[in-house]
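Input: a single structure, listed below in structure tokens.
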Amino acid sequence: MKKRKYWIGIIDEENFNILLDNNLFGLKLDFQKKIRNLNKKDLIIFYILGKKIAGIFEITSEPYETNREIFNKKLYPIRFNLKKLGNINKKEFPNFLISNLSFIKNKSNWGGHFQGKAIIEINERDFNKIKKYLENEK
């Protein structure tokens, strides 16, 4: 069995709502190399452009290609199915959390870490810090 990996998907608010309605995430063909590293049972949290984080999901399918148009503005033909794990809990991405995540190297310009990317692999420790913050009701 493959070792579970942890991810942050980068998405805009409108496409995040489409993701929730359809339980799937789509990526451009440009990200095929990264997509090959995605596996069923991996976990993903989403960074919603505009400084929010939301949702804890499990990937429930291998990546597949389709031309079915559901996302706003672009096709995003490489898809994988998702299962929500708990509540969505959209929250601001606070500085105290950012400063404690090892995958963000430049803490003063952390948003640059997400630019031009659709998905980022992170370590389990960082994933669990974000998960704990999302699950906290405060």
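Tabulated data for the structure shown
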| item | result |
| --- | --- |
| Loop sites in segment 61-138: GluC sites (Glu not before Pro), DSSP, at most 13 other Cβ within 10 Å | Glu69, Glu137 |
| Extended-chain gain in nm, criterion 0.36 nm per residue less alpha-carbon gap, Gln115 and Glu13 | 35.2 nm |
| Given charges at Cβ of Lys, Arg, Asp, Glu: segment 56-137 dipole, positive-most of Trp110, Phe127, Thr66 | Trp110 |
| Segment Leu85-Asn106, extension gain: residue separation times 0.36 nm, minus the distance between their alpha carbons | 4.6 nm |
| Charge dipole magnitude, Cβ of K and R +1, D and E -1 - the chain, Cα centre, debye nearest 20 | 460 debye |
| Full-extension gain in nm, Lys2 to Leu20, via 0.36 nm per residue minus C-alpha separation | 3.8 nm |
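Read-outs: derived from the displayed coordinates by stated rules, not from any lab. Since this is a predicted model, take the numbers as computed values, not measurements. Cβ: placed from backbone, ideal geometry, glycine included. Neighbour counts: every protein chain shown.
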